[in-house]
Structures are given as structure tokens and as C-alpha cells.
Amino acid sequence: MNMEIGSAIKKLRMDSKVTQEEVAEYLGISYQAVSKWETGTTMPDIALLPKIAVFFGVRIDDLFSVNYEDELARIQHILLYEGLSEQSYLYAKRSLDAVLQDNADDIGALKLYARLHLKKTNGDLLEAGRMLEKAMKLSPLDEEIFGIYRQVRGGGAYKAHSDDDWFIRVCEPYAREFPQNVQLMDLLVEAMIHMRYFDKAEEYIQLMQPERSKEYLRQIYLGDLELARGNGDDAKAIWSAISQENSRGQYEVGERFNRINEYERAIECFWNAFRAAVPPRQLDAVFSLAFLYTKLGRKTEAVEAWQLILDTLASDYNECDSDTVEWAHREMRKLQEA
């Protein structure tokens, strides 16, 4: 992690309510020099460090602070890619406590703290929920907050956690006040359908206010609702009405047909989704094609789908050497050798 004296000096100066000019005058330098330290353009001469420490009334060691963004990025990496040992848990907890001590309303730290509690063998779900309930009051349009909260308080796919009623009770007021939060609406409707609150789910589908490019989501959810009610033909009719020129809509419809084992219709929708996309094209639909062709034993078509992924990564993203590229090559080799 980068050690940034400049950010520490800026924080000490702001906490002390002094100007860059006052610091510069004490040190016998220009205020531009102090400004450059604080922006990370230059570093103070080592000979000035004792005098800087005296000015702010701190130890020299206190001038070396871990960059805030780096600290949170390190914790994020631990939660996503590393096993949570007791040592890493204590490190993350200590760091987040320090951030929240400076700013109790820091949204990023609150979300990371909730994820930390959630990952700790699900043993701190009440504390994670408390953190998230505070975060949603501070930032009700932050979709990620409600996604994490669904894991903490939701039922459905999260059987080890509290049931959906808690999630619905807490989140309904936010959905009514902020119907443009599509992620929240999605999670809430999913929970209501799972609890078989069909009329209430339909009410919230009608309340949702997606941006114009996501209007198709209303049809997707209405189809989900009809399927849950046992009206499969009605559900398929609603999904099929989504324009073939709507790339994301066709992808979502393809996923629905895939789930109900109507594979040829799913394949058609995934191809529609890719053909309707504009560069740089998202590859979700092609990945779904590759997986579905593999599942159906159609190896030649699966290889062609992986090759299309490689071609699109190269043409749309100039990506020829990455983990995704290597993954695609591995999958192609497995199919060709099988």
C-alpha cells in the first residue's frame, strides 16, 4: 500500500483549521509547495518532517498514513478473493472502525463492514443488518446496499438467513419513496413473489420507474409474476412481446426460457441479444450460449460461441491477454479434447 505523507498533512491541516499559507509561513516555504504535497505531486524534504510534526503536535510517524482509498481497496480484495482469517478479520475491522470514527456516515465503509460481518461465517448478521439499515437511510438510491441487505435479511436463495418478511418490511418504504431504484424494486418483487404476495408484487411492478432504456424490466417482472401464479402461457406471451432489437431485454428473456427448459427459444433470444448490441458489446448472452450449447452436448456450437467471445474481446475491448481470454481458450480445449 502506498504511504502518502501528503494526505496525512492535508488531514492534519484540515483538522487543525489552518490554511496552506499558515503552514508554509511556519516552515519558511511557499504555499504552492504545501499544495503539491497534499495533491501527491511532490514530497516534503525529509529535513522538514520534524518541523512539520512540531507544527501539528504529532509524532513524525503520524505523518505516514495509509491512503484511505487504498485501505478500503485492500479490504475489498480480502472479502472478494481471500479467505477471511482471524488476523485479516481483525485488520479489516480495526481499519473500518478508524474510518467510521472519522466519519460515521461513510457509505463505502458501512457497506464493507456489512460484507465483513456477512462473510464471518454468517455469525454477525444482526450487526451487518444494522450497518446496512443505517447506510440505506443515508443513501437510498445506492443499489448495492439493498443487494447486500437481501443476503443478510432475505429468504429465497438465502435459506440460512432471516426470511423475506423482514426484508419486505424494512425495504417497502424505500421502494415507495424511491421507485427509480430498480435494483431495490427487483429484489422486493422477488421477495414478494417468493412469499406468494402476488397482488402486492404486481402493485410494486406498476410503481417502479425504470429509466427509458430499462422499460423492458416491467414486462420481465410481470412475466415472472404470471409464471409464479401458474400462468405459464401468459408469462411466455409477456416475455415474447419484448422487442428483438432490445439487447438487454432479449438477454433477460433468454434467461427465463432457459430456466423453464425451453432451450431453442432461449438460444434464439441470446442470439437476438448479441446481434442487437452496440460496441463495446456486453458478452453475457454469448457466455450463456456457450454454457447452454455445452449443456446440450452441442460441442461445435459451444466452441464457436467461445471463439465469438475471443473475437469480441479483441475487437471491442482490445483485450487479447487476460484471465477471461485464457479461460475461453481453456474451455475450447476441453470441448475439443472431449
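Brief remarks follow.
- The set of residues in the range 187-197 that are under 22 Å from Ile145 (Cα atoms) and open to solvent by 80 Å² or more (accessible area, probe 1.4 Å) comprises Glu190, His194.
- Test: residue in the range 124-142 that is modelled with pLDDT of 90 or more, charged (D, E, K, R), under 22 Å from the mean Cα position of the chain (by Cα) and not in a helix (DSSP H, G or I): yes
- The condition of being farther than 15 Å from Ile168 by Cβ and open to solvent by 20 Å² or more (accessible area, probe 1.4 Å) holds for only one of Lys200, Lys214, that being Lys214.
Residue by residue, here is whether (1) out of contact with any Phe, Trp or Tyr (no Cβ under 7 Å at 6 or more places or on another chain); (2) of a type outside the set (D, E, K, R); (3) surrounded by 18 or more Cβ atoms within 10 Å (Cβ to Cβ) holds:
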{"site": "Tyr26", "(1), (2), (3)": "no, yes, no"}
{"site": "Ser30", "(1), (2), (3)": "yes, yes, no"}
{"site": "Arg59", "(1), (2), (3)": "yes, no, no"}
{"site": "Glu82", "(1), (2), (3)": "yes, no, no"}
{"site": "Tyr91", "(1), (2), (3)": "yes, yes, no"}
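- The selection criterion, being outside any helix (DSSP H, G or I) and more than 22 Å from the chain's Cα centre (by Cα), does not hold for Arg176.
- Restricting attention to the range 93-104, the residues that are open to solvent by less than 80 Å² (accessible area, probe 1.4 Å), closer than 18 Å to Lys134 by Cβ, part of a helix (DSSP H, G or I) and not aliphatic (A, V, I, L, M) total 2.
- Criterion (within 30 Å of Gln180 (Cβ to Cβ) and touching a Leu at 6+ places or on another chain (Cβ under 9 Å)) met by exactly one of Glu245, Glu252, Glu215: Glu252
- Residues (open to solvent by less than 60 Å² (accessible area, probe 1.4 Å), of a type in the set (A, V, I, L, M, F, W, C) and either touching a Ser or Thr at 6+ places or on another chain (Cβ under 8 Å) or not in a helix (DSSP H, G or I) (or both)) located in the range 223-249: Ile242
- Restricting Ile107, Ile75 to residues that are of a type outside the set (S, T, N, Q), at pLDDT 80 or above and open to solvent by less than 20 Å² (accessible area, probe 1.4 Å) narrows the list to Ile75.
- Scan of the range 295-326 for residues that are closer than 20 Å to Gln282 by Cβ and polar (S, T, N, Q), ordered by number: Gln307, Thr312, Ser315, Asn318, Ser322, Thr324
- All positions within the range 160-219 that are hydroxyl-bearing (Ser, Thr, Tyr) and within 14 Å of Met136 (Cα to Cα): Tyr174
- Checking His117, His161 one by one, the residue that is under 17 Å from Leu187 (Cα atoms), crowded, with 20+ Cβ neighbours inside 10 Å and at pLDDT below 85 is His161 and no other.
- Here Asn258 passes the criteria (1) of a type in the set (S, T, N, Q); (2) assigned to a helix (DSSP H, G or I); (3) more than 30 Å from Ile168 (Cα to Cα) except the one numbered (3).
The values are calculated or read from the model by the stated rules, or taken from the named source; none is laboratory data. This is a predicted model, so every value here is computed, not measured. Glycine also receives a Cβ, built like all others from the backbone with ideal geometry; neighbour counts cover every protein chain displayed. When the accessible area is computed, the model is the full protein with side chains, heavy atoms only, and any ligands, DNA or RNA have been set aside. Shrake-Rupley method; radii C 1.70, N 1.55, O 1.52, S 1.80 Å.
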